[in-house]
1. By its C-alpha gyration tensor, with a ≥ b ≥ c as the square roots of the eigenvalues, how is region 155-233 shaped: rounded for a/c under 1.5, else prolate for a/b larger than b/c, else oblate?
2. Given the C-alpha centroids of region 132-206 and region 48-99, what is the distance between them in whole angstrom?
3. Which Cα, out of Thr42, Thr75, Leu128, lies furthest along the positive dipole direction of region 1-132 (beta carbon charges, K/R +1, D/E -1)?
4. Once the other residues with Cβ under 15 Å from the Cβ of Lys12 are scored (Lys, Arg +1; Asp, Glu -1), what is the net sum?
5. Can you sort Ser207, Ser235, Ser52 by 1.4 Å-probe accessible area, starting with the largest?
6. If you average the sequence gap of Cα pairs under 8 Å that are 6 or more apart and divide by the length of region 1-119, what percent do you get for the contact order?
7. Can you pick out the pairs among Lys32/Lys200; Lys190/Lys289; Lys160/Lys200; Lys89/Lys272 whose Cα atoms lie more than 30 Å from each other?
8. I want to check the label-to-label distance for Arg53 and Glu242. Put each point 7 Å from Cα in the C-beta direction and report it in nm to one decimal.
Amino acid sequence: MLSLVTPAAFAKQYTIVNVPKVAGIAWFDRMKQGVERFAADTGHNAYQVGPSRADAALQVQIVEDLIAQGVDAITIVPFSVEALEPVLKKAREAGIVVIAHEASNIQNVDWDLEAFENEAYGARLMDLLAEAMGYEGEFATFVGSLTSKSHNEWIDGAMKRQQEKYPNMKVVAERLECYDDQTVAYNKMKELVMTYPNLKGIQTCASTAPPGAGLVLEEMGLVDEIAIVGTSLVSAAGPYLESGAVNWIGFWDPAEAAYAMNVLAVHVLEGKEIHEGMDLGVPGYNNLKIDGKVLYGEAWIFVNKDNMHEYDF
């Protein structure tokens, strides 16, 4: 991407640290690339530090450390909004700008930046699942955790759409937690298939769930029997899209989200007005909507085996 942001656009250099839910998975590795690109483009000291596992207490400790270091801004994807509110309040009291992502209900931030309106995204994934299931049959839903605000809003939107448009579909297990862990998703999918022999589809939220669930279908010879639709990346779910074990994935580019969060953090640090229709100079974040402390972009992408080769992450 050719950035519209240049070092000359900023009055001074800042230290901005991104804290993802967990380090070492494809989604947040891609997010790290966006942070590093922002640093290279602008000269700001921007970097990413994430916990070794998806654990709110580990995120809290990282933020505590950043407060002690006196960084200028923290961008964060909370594993648990409730667990992080006190430490983010402490960060802001220390004069640190806080920008969140995937946390539309969070309070102790300057802004929360969302790639899109979450319920609309979940509804669109339900449309894709319904089509793949032939608009009838039993299905289940997965979330990363019950504390993940965005995941639960996606499922809220999906369930509302199903109830309104697809009455011949029936949910048999809702909001199974996979803790952003592919092995957990694999084990829960295997249990789900054994418990519900008439299962025809699942909708997932964590990026690790489609590959975990897809592997189960491949191993059990159920690729053509059960549809999988959910959030992931081509780098994680690509082999399962190719095999047909996963029908569709939806996502936004975590690198662009990270870049946009950093641009927003600098705007706040420099006292610039944040306004409706604002353009952060990042694809998908060119015409922001505002609702309270939440900024919404238009950055969603939907991929199946036919167009997956257009995305290299």
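The values are calculated or read from the model by the stated rules, or taken from the named source; none is laboratory data. Note that the structure is a prediction, hence the values are computed from the model and not measured. As a convention, Cβ positions derive from the backbone with ideal geometry for all residues, glycine included, and neighbour counts pool all protein chains shown. Accessible surface areas use protein heavy atoms only, side chains included; no ligands, DNA or RNA. Shrake-Rupley method; radii C 1.70, N 1.55, O 1.52, S 1.80 Å.
1. Cα axes put region 155-233 in the oblate bin.
2. 30 Å
3. Thr42
4. With Lys, Arg at +1 and Asp, Glu at -1, the net is -1.
5. Ranked from most to least accessible, the order is Ser52, Ser235, Ser207.
6. 23 percent
7. Lys32/Lys200; Lys190/Lys289
8. 3.2 nm
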